[in-house]
Amino acid sequence: MQVTLARKLVAEGVGTALLVAAIVGSGIMAQSLAKDPAIVLLCNALATGGALIAILLMFGPVSGAQLNPVLTVLMAATRDITPRVAAGYIVVQLTGAIAGAMIANTMFGLEPISLSTTMRAGTPQLLSEAVATFGLVGVVIAVGRTRSAIAPLAVAAYITAAYWFTASTSFANPAVTVGRALSNSYAGMRPADVLGFVMAQAIGAMVGGILFTWLVPTVRVDGIDGPANSVHRSRDHQAKAAVTTAPPRVGATATGNAVSERDTRYTVALAASATPPATSPTIINVSARAPR
């Protein structure tokens, strides 16, 4: 299946809408069923984390399931997507977040748009958002570049935990922040506080992007694009695979011990990757075939 830009945009918009609906809706449900604030927060965090895993797995193969403008800007900065695609993603993410909040409000009998009156301001809240976004960017870059298959689990685990270790309950997403301002419910926030949250998120994302792209750099070697250590392991694996499929031919080492030419060529390959050019003639002599 060819993944067109239209499909990617729809995936980002629908994915963000479902995420915000899960956050807002689970908050309303938890607050209506439980009186203990800790239980309400736990229910909200677990529902968000579970939904996030499913949404990332659902839309990841289509659009990458970024669902977050700061991550989209980061992907554009690292040239994983073009600026044109990034701009489209941000528009549909914001649109999806608004739609998700309206859907959640309507499902629980609220007005589709009910501006929140919950104050989320002050240094502790802003610092929390910067820290939460910094960590999220770190998970996306580090896990995404080294163990991409488990990235959805890692992202969901981090967000679930960040609900509890940040004073802001970890919005870490400008689109989600805008959507939550449109629900006067447990998960909501005053529209007046949105700008401060978005600025803190942008700062956290910028610092995280600089640090983690340096910690886990990508390189391109022989058409392989990925972390430096993974590229080297991949090249070694390719060398070994090429050696093991070569037909065995009897040769000899410089000491006269009989070995297959497959083995000698593998020795040369390893030595060539680790020995300076000045010693190259020695390698050639070692791998010479025995005279008949």
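The values are calculated or read from the model by the stated rules, or taken from the named source; none is laboratory data. In this text the structure is predicted, and so the values were computed from the model without any measurement. Reconstructed Cβ throughout: ideal geometry from the backbone, glycine too, with neighbour counts over all protein chains shown.
Things worth noting here:
- Of the residues in segment 84-91, at least one is modelled with pLDDT of 95 or more, touching a helix residue (DSSP H, G or I) at 6+ places or on another chain (Cβ under 7 Å), buried (at least 21 other Cβ atoms within 10 Å of the Cβ) and in a helix (DSSP H, G or I).
- Checking each residue in segment 144-164 for being touching a strand residue (DSSP E or B) at 6+ places or on another chain (Cβ under 9 Å) and surrounded by fewer than 16 Cβ atoms within 10 Å (Cβ to Cβ) picks out only THR146.
- Applying the condition of being of a type in the set (Ser, Thr, Tyr) and closer than 20 Å to GLU129 by Cβ to segment 27-83 and asking which residue is surrounded by the fewest Cβ atoms within 10 Å (Cβ to Cβ) yields THR48.
- Taken over segment 145-172, the criterion of being among the aliphatic types (A, V, I, L, M) and assigned to a helix (DSSP H, G or I) is satisfied by ALA149, ILE150, ALA151, LEU153, ALA154, VAL155, ALA156, ALA157, ILE159, ALA161, ALA162.
- Count of residues meeting criterion [surrounded by 14 or more Cβ atoms within 10 Å (Cβ to Cβ) and either in a helix (DSSP H, G or I) or β-branched (Val, Ile, Thr) (or both)] in segment 107-125: 3
- Here ALA167 meets each of (1) more than 19 Å from MET119 (Cβ to Cβ); (2) surrounded by fewer than 20 Cβ atoms within 10 Å (Cβ to Cβ); (3) touching a residue at least 12 places away in the same chain (Cβ under 8 Å) with one exception, condition (1).
- Screening segment 162-193 for residues that are more than 20 Å from the chain's Cα centre (by Cα) and of a type in the set (Phe, Trp, Tyr) and picking the one that is nearest to GLY109 (Cα to Cα) gives TYR186.
- Pairs where the first residue, in segment 26-38, is closer than 19 Å to ALA104 by Cα and β-branched (Val, Ile, Thr) and the second is at pLDDT 95 or above and surrounded by 11 or more Cβ atoms within 10 Å (Cβ to Cβ), C-beta under 6 Å, 6+ apart: ILE28/PHE108; ILE28/SER185
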